[in-house]
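K.L.:
Mind looking over this structure? Questions follow.
Laboratory data are not the source of any read-out in this text; all were calculated from the coordinates shown. All values derive from a computational prediction rather than experimental measurement. Methodologically, a virtual Cβ is constructed for each residue, glycine included, from the backbone with ideal geometry; neighbour enumeration extends over all protein chains shown.
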Amino acid sequence: MRMAIIGTGYVGTVTGACFAELGHQVVCADVDAKRIKMLNEGRTPFFEHGIEPLIKANMEEGRLSFVADNKVAVKDADVIFICVGTPPLPNGKPDLKPLEQAIKDIAEGMTGYTLVVERSTLPIKTGDWLIETLSKGVSKGVEFDVAAVPQFLREGHAVQDFMEPSRIIIGANTERAQNILTTLHKPLNAPILLTDINSAELIKHATNAFLAMKISFINSLAQLCEKTDANIDAISKGMSLDKRISSDYLQAGVGYGGIFFPKDIASLVSIADEYHLQFDLIKAVDTVNRYQRIHFVEKIETALDGNLRGKTVCIWGLAYRPHTDDMRDAPSITIIRSLQKRGAKIRAFDPLAIENTRKILPDIDYFDSPFEAAQNADAIAVLTNWSELEQINFMQLKEATTCRLIVDGRNLYPRQRLLDLGFDYICIGKKPAKASEKSPMTV
Ligand SMILES: NC(=O)c1ccc[n+]([C@@H]2O[C@H](COP(=O)([O-])OP(=O)(O)OC[C@H]3O[C@@H](n4cnc5c(N)ncnc54)[C@H](O)[C@@H]3O)[C@@H](O)[C@H]2O)c1
C-alpha cells in the first residue's frame, strides 16, 4: 500500500518506519524541515531503541522517505496517518491548530480515493469534524473515508509495541475503510476490535486515564500505609494475585510523568465539562499525582532534619521512565525545583536524559556516573527505575560517598540489605528505616 504519515514526532516516525518494515511504500512529512533533514540522514531527534537501524534499512530498500511538504507526501497515498502533535492548551483542551493545518494540506494534496486515519490522540467527535472539513476542502470528485486507529505505544518500547501490540482498535464507519485497515494490520497478529470512530477516539483517552488512575490509586494507599505501618509492596502484590487486577501500573512511586497521561486526562475532563458531566474520579487522579511529587520532597526534607537549606541532594534518574530521554512533565522537574526552592543544591545522574534536562534545569550539576553524583550528598533520591540504578553496587557506593541516606521514589531496593550495609532507607508506602534500628521486615 502507498502510505503517507503526517508528523514525524515519536508516533509518526515509529508508525512510518514500522509500516515500511511491513513492506509498504511510506512517505513521512513534517513542517519542521530540520527534523526532516535529520531523518533523511537516518537520525531521530529523540532516543528510541531500535528505530534508527529500522529507518536506515527501509530507506536503503527504497520503501521509506521523508519530505518537508505534506502535499507531496499525500499526493499518491492510499492511506494517510495523521500523527501531528496535540499539545495541551491552558484550559486542558488539546491544541488542534497543527491538525487544522495538516488537514488543509491533506485536502489540497489528495488526488483520488484516500483513507485518512487519525493516529494522534484526538477528542471524541474529531472524526465528524474531519469528515466535514475534508468534504469542503477536497477537489471535486475526490472520494475519501475517515477512520481512527489510536496509538498505544510506550516510549522506550515503541517499536516492539508497534510490532507486537496487545490489540488494534479500528474506528471506521464504512466497510471500505474497515477492510483496508484490517488488511493493513493483519500481519501484526493481534486481536482487532472494529468499532465506530467516536468509540475508538474515546478508547484511547479511557485507556490512559485508567492506567493513570491505577497509579494514583496505589499512591493514595501508599500514604495510608505510611501512617499505619503497612507495606505497600505487599498490598500491591496481594491485589495483583487477584486475576481481575493486573500488576501493571500498580507500583507505588513518585507518580506518573511524561506529557501524555496529564494531557489526555485534562482533555478527557474538558470533554466531560462540555457535556456537563462531573468526572470527579478522573480529576482526583491528577490531584493525587501532583501531590505525590510534593510528598516526596517533604520526605527528603523531614529526613534531613526538616531543613534543606545548604543541603545537597543527589538525584538518581531524571527521565519519567527508563529507556527514554523525554523530559516532558517528568516528576523530577517538579521535585528538583521544589528542592531548590527550599534551599537544596542538586547533583544529578541519568543514563540518557541529561542533555534534555539541561535545557530545562540549567542550574544543577550533572554527572555521568551515579557514584560521582552521590559524592558529598546529604541524601540520594531515586526517581527513575533504570536497570543501572536497580543493580547499583552499594558496597561501591559506600566507598564513593559518605552519604548514608537513600530516599527511594521507586521502591527499588530490598530494605534489609541497605540497613545491613549501614544506609538509612526511606521509600514509598513503608515505614522509614534507620540503619541503627534494624527492621524486622524483609520486603
Ligand atoms: N509519544 C507517545 O508515546 C504517544 C503515544 C500514543 C499517542 N501519542 C499521540 O500521538 C500524537 C503525536 O505524538 P508525538 O509524541 O509523536 O508528538 P511530537 O510532538 O513528538 O511530534 C509531532 C510532530 O508533528 C509535527 N507537525 C505539527 N504540525 C504539523 C503539520 N501541520 N504537518 C505536519 N507535521 C506537523 C511536528 O513538527 C512534530 O514533528 C499526539 O496526539 C500524542 O498524544 C503519543
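K.L.:
Residue by residue through the stretch 175-182, which ³J(HN,Hα) values in whole Hz follow from phi under the Karplus form 6.51 cos²θ - 1.76 cosθ + 1.60 (θ = phi - 60°), with glycine and proline marked x?
P.N.:
5, 4, 5, 4, 5, 4, 6, 5
K.L.:
I'd like the antiparallel share, as a percent to the nearest 5, of DSSP beta bridges with both residues in the stretch 2-195.
P.N.:
Approximately 10 percent, going by the DSSP bridge assignments.
K.L.:
Which of rounded, prolate, oblate describes the stretch 206-304, given a ≥ b ≥ c as roots of the alpha-carbon gyration tensor eigenvalues and a/c under 1.5 marking rounded, otherwise prolate only if a/b is larger than b/c?
P.N.:
oblate
K.L.:
Now for a different question. In the structure displayed, which of Lys204/Lys283; Lys237/Lys430; Lys283/Lys430; Lys341/Lys430; Lys34/Lys93; Lys227/Lys434 lie more than 20 Å apart, Cα to Cα?
P.N.:
Pairs exceeding 20 Å: Lys283/Lys430; Lys341/Lys430; Lys34/Lys93.
K.L.:
Indicate the gyration tensor shape class of the stretch 1-132 (rounded, prolate or oblate), computed on the Cα atoms with a ≥ b ≥ c the square roots of the eigenvalues: a/c under 1.5 is rounded; otherwise a/b larger than b/c is prolate and the rest oblate.
P.N.:
Here the stretch 1-132 falls in the oblate category.
K.L.:
What is the set of long-range amide H partners of Ala381 at a cut-off below 5 Å, with H atoms built 1.01 Å from backbone N?
P.N.:
Amide H neighbours of Ala381: Cys314, Ile315, Trp316, Val407.
K.L.:
Also, I was wondering about something else. What is the stretch 1-87's relative contact order, in percent, from Cα pairs under 8 angstrom and six or more apart in sequence?
P.N.:
So the answer I get is 45 percent.
K.L.:
Also, I was wondering about something else. Using Cβ contacts closer than 10 Å as the measure, can you line up Val138, Val72, Val84 from fewest to most?
P.N.:
Ascending Cβ contact count within 10 Å gives the list Val72, Val138, Val84.
K.L.:
Another question, then. Among Ile426, Ile360, Ile106, which comes first, second and so on when ranked by fewest other beta-carbon atoms within 10 Å?
P.N.:
Listed from fewest to most nearby Cβ atoms, that is Ile360, Ile426, Ile106.
K.L.:
Oh, and also: Taking only C-alpha pairs under 8 Å that are 6+ residues apart, what is the relative contact order of the stretch 321-428 in percent?
P.N.:
Relative contact order, the stretch 321-428: 23 percent.
K.L.:
In units of 2.2 N^0.38 Å, what is the alpha-carbon radius of gyration of the stretch 29-75?
P.N.:
For the stretch 29-75, the normalised Cα radius of gyration comes out at 1.14.
K.L.:
Next question, about the same structure. Based only on other Cβ atoms within 10 Å, what is the fewest-to-most ordering of His205, His295?
P.N.:
His295, His205
K.L.:
What number do you get for the stretch 220-378 when its Cα radius of gyration is normalised by 2.2 N^0.38 Å, N = residues?
P.N.:
The value comes to 1.17.
K.L.:
Related question: Just to check I understand the Karplus step: with θ = phi - 60° and J = 6.51 cos²θ - 1.76 cosθ + 1.60, what whole-Hz values come out for the stretch 274-281, glycine and proline as x?
P.N.:
Computed from phi, the couplings for the stretch 274-281 are 4, 9, 6, 9, 6, 6, 4, 4 Hz.
K.L.:
Per-residue HN-Hα couplings for the stretch 57-71, Karplus 6.51 cos²θ - 1.76 cosθ + 1.60 at θ = phi - 60°, whole Hz, x for Gly and Pro?
P.N.:
Ordered by residue, 3J(HN,Hα) equals 4, 6, 5, 4, 6, x, 9, 10, 9, 10, 9, 9, 8, 4, 5 Hz.
K.L.:
What share of Cα pairs, in percent, lie more than 28 angstrom apart in the chain?
P.N.:
Percentage above 28 Å: 54.
K.L.:
Can you list residues whose amide H is under 5 Å from Val26's amide H, if they're 5+ apart or on another chain and H is modeled 1.01 Å from N?
P.N.:
Met3, Leu64, Ser65
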